[in-house]
Amino acid sequence: MFLYVLLACVVGIVQCYSSGLVSDSCGSLMPGHETSGQTSTSPFTVTAGKTTFKEGDEITVSLSAQSTDYFEGFMLQANLVGSQNPIGTFTVTDNRAQVLVCNSVANRAVSHTSNLKKTLMEAKWTAPTSGQLSNIEFRATFVRSTKTFWVGVKSSAVVYNGVQSNPGCGTTKVCFSQPSNCDPATSTDCYFMAVQTSSNQSEMTIEMFGQADGYVAIGFSDDQLMGNDDIYICSKDNSSLLQVQHAYATGRNAPNILSLGNVTNIKTALTNGNINCSFTSRNAVSTGSRAASTSQYYLMIASGAASQGIINKHTKRFVSSTKVDLLNPSLVNTNNEEFPAIVKAHGALMLIAWMTTGSIGMMIARYLKGVAKGQGFGGKDFWFLAHVSLMVLSVIATAIAFILVFSYAQDWAGGAHPVLGCIVMVLSLVQPIVAAFRCEPQHERRFVFNWAHSVIALAIKVLSVAAIFTGLELFEEYKTDGWMLKVMGGFITWEAMIYILQDLNFRAKKKDSDIFSCGSMKPEVVLLMVFLLGNLTFLIALLVGIGTS
């Protein structure tokens with residue numbers, strides 16, 4: 001029953017968009033109306049005030065309805081033809097319109113401010129002043145009512161006639177860079193890769209560029225995490241000359257270097273610390289579970305130091321925001337927020353559940369039964385009430401975290417972490433069920449429950465720690481120092497030390513003694529308070545780490 005109520009609370013949240021604050025719809029332009037858009041011809045049009053443009057140009061864009069029609073809501077953005085990533089910036093002067101933040105960049109799109117009926121809206125769009133540009137189109141969603149709307153209504157293409165520093169990007173090549181649309185020819189801080197694929201995928205021409213002490217690498221992946229990735233590395237060898245290597249990444253360890261295979265036309269250049277390599281590869285892209293079965297991959301760029309021709313762990317890493325079709329030339333943006341808020345919330349809830357409430361609840365049940373014995377509420381001792389309350393909070397936090405992350409991910413990506421998390425979730429639900437059917441303390445078979453309860457609790461503790469470590473590893477994919485794993489290691493050491501002291505005191509009490517004296521306060525209470533202070537210190541540090549990932 002609890003799970004049904006929880007699901008209703010989480011899933012039943014409904015958002016309304018009459019205010020036009022619809023940044024979540026950037027790219028797709030799909031309103032959150034829980035219904036499909038119209039497939040008929042739109043009665044609304046998008047018109048650009050120019051047919052050509054160059055860097056920095058300003059274009060007036062008009063949204064209009066037929067004379068007998070109207071729209072209540074809208075969203076407008078500019079895209080390179082064939083891409084859904086918003087580019088350029090908008091300005092508005094009409095108070096019925098507002099600019100929106102997309103991909104953490106201000107003024108990337110325009111939307112309504114109320115659901116008043118409209119027949120004409122205008123906005124001014126300014127083209128970027130640098131980067132890889134090509135022909136653009138303006139796309140808009142028009143909303144007549146909650147259930148009646150048209151998605152992705154396009155203007156005619158506006159032809160780019162400026163100076164293209166990297167010809168072919170978006171027209172014959174897939175280009176991915178950080179910062180987005182940076183120019184490797186003019187910027188030393190630009191990390192860039194381009195892939196031009198033959199129609200039958202038998203051949204790829206690859207370019208890579210970046211500033212690094214030892215190497216720049218590019219990769220093709222099924223997800224946005226390291227592991228099962230096809231990689232090409234351009235690195236300095238022992239004589240500081242550049243070499244191209246083919247590799248395969250299996251996880252957080254150094255990638256396995258493969259035979260270079262069918263790679264030709266290798267060109268390299270090393271200028272002022274900038275590594276530049278290009279080549280043609282006829283090797284099939286392999287991501288472990290499949291080989292050349294698709295043309296869609298996440299793109300990765302990484303760089304770092306190298307020693308004696310062997311690459312070290314990357315110090316910079318960038319991942320495309322979406323999967324990219326190598327057969328469909330486009331300009332690709334980086335994933336500006338590697339971990340969405342819902343994933344961060346999942347991690348925070350699991351840390352709170354199994355670092356703090358769960359750990360304290362278990363410690364109270366094991367070592368504080370003798371404190372205020374016989375005192376409590378409703379015939380239950382205080383230690384029991386505290387233990388049950390803390391463990392219930394832990395189960396609730398685990399269930400919410402479980403629902404949040406699976407509603408977002410809807411798959412098992414992440415290696416061992418989701419498997420461990422599922423086992424913890426199942427055992428967390430089994431434990432209170434076992435406790436509900438326990439026999440009386442004086443019953444001759446009570447020991448069966450005691451052992452089962454203890455074994456399940458130990459299993460939950462061990463598996464939750466393993467799940468936290470593997471989860472933090474995923475967050476650490478986007479960091480270079482691994483400090484969160486070190487903090488978690490420090491917490492485990494701290495907790496083990498407190499458990500040892502509690503156990504020594506527990507054994508001393510059997511001999512009518514204490515390991516130390518604190519006046520009227522019992523040693524087990526003092527140790528619990530000390531543990532709580534240290535626990536909160538470690539917890540806050542990890543929550544800050546997750547929040548800034």
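Some notes on this structure:
- The angle between the Cα long axis of helix 341-351 and the longest principal axis of the Cα atoms of the chain comes to about 20 degrees, rounded to the nearest 10.
- DSSP loop chymotrypsin sites (Phe, Trp or Tyr not before Pro) with at most 11 other Cβ within 10 Å excluded, longest remaining stretch of the chain: 1-411
- 5 angstrom amide H check on residue 227, placed H, neighbours 5+ away: 251
- Exposure here means at most 11 other Cβ atoms within 10 Å; with GluC sites (Glu not before Pro) in a DSSP loop as sites, the longest stretch of the chain lacking them is 35-443.
- With neighbour counts taken as other beta-carbon atoms within 10 Å, the residues 159, 332, 46, 99 rank, fewest first, as 159, 99, 46, 332.
- Backbone HN-Hα couplings from phi across the stretch 416-421 [Karplus 6.51/-1.76/1.60, Hz, Gly and Pro as x]: 6, 4, x, 5, 4, x
- Rounded to the nearest Hz, the phi-derived 3J(HN,Hα) couplings of the stretch 223-234 under the Karplus curve 6.51 cos²θ - 1.76 cosθ + 1.60 (θ = phi - 60°) are 9, 9, 10, 5, x, 6, 10, 8, 10, 10, 10, 10, where x marks glycine and proline.
- Of [x] 25.5, 100; [y] 24.4, 91; [z] 29.2, 93, the label for Rg and Dmax of the Cα atoms in Å derived from the coordinates: [z]
- Taking Lys and Arg as +1 and Asp and Glu as -1, the other residues whose beta-carbon sits under 14 Å from that of residue 450 total +3.
- Among the trypsin sites (Lys or Arg not before Pro) found in the stretch 165-271, those both in a DSSP coil and sparsely packed, with 15 or fewer other Cβ atoms within 10 Å of their Cβ, are 252.
- For residue 203, the residues whose amide H sits under 5 Å from its own are 198, ignoring neighbours fewer than 5 places away on the same chain, with H placed 1.01 Å from N.
- Residue-by-residue Karplus 3J(HN,Hα) for the stretch 269-281, coefficients 6.51, -1.76, 1.60, Hz, glycine and proline x: 8, 10, 9, 6, x, 8, 9, 9, 9, 9, 6, 10, 10
- Near residue 46: Cβ cut-off under 9 Å, other residues only, Lys/Arg at +1 and Asp/Glu at -1. The net charge is +1.
- Taking amide H as placed 1.01 Å from N in the peptide plane, residue 88 has no amide H partner under 5 Å among residues 5 or more places away or on another chain.
Values in this text are rule-based calculations from the coordinates and carry no lab data. No experiment lies behind these values; they were computed from the predicted model shown. Neighbour counts run over all protein chains shown; Cβ positions are idealised from the backbone, glycine included.
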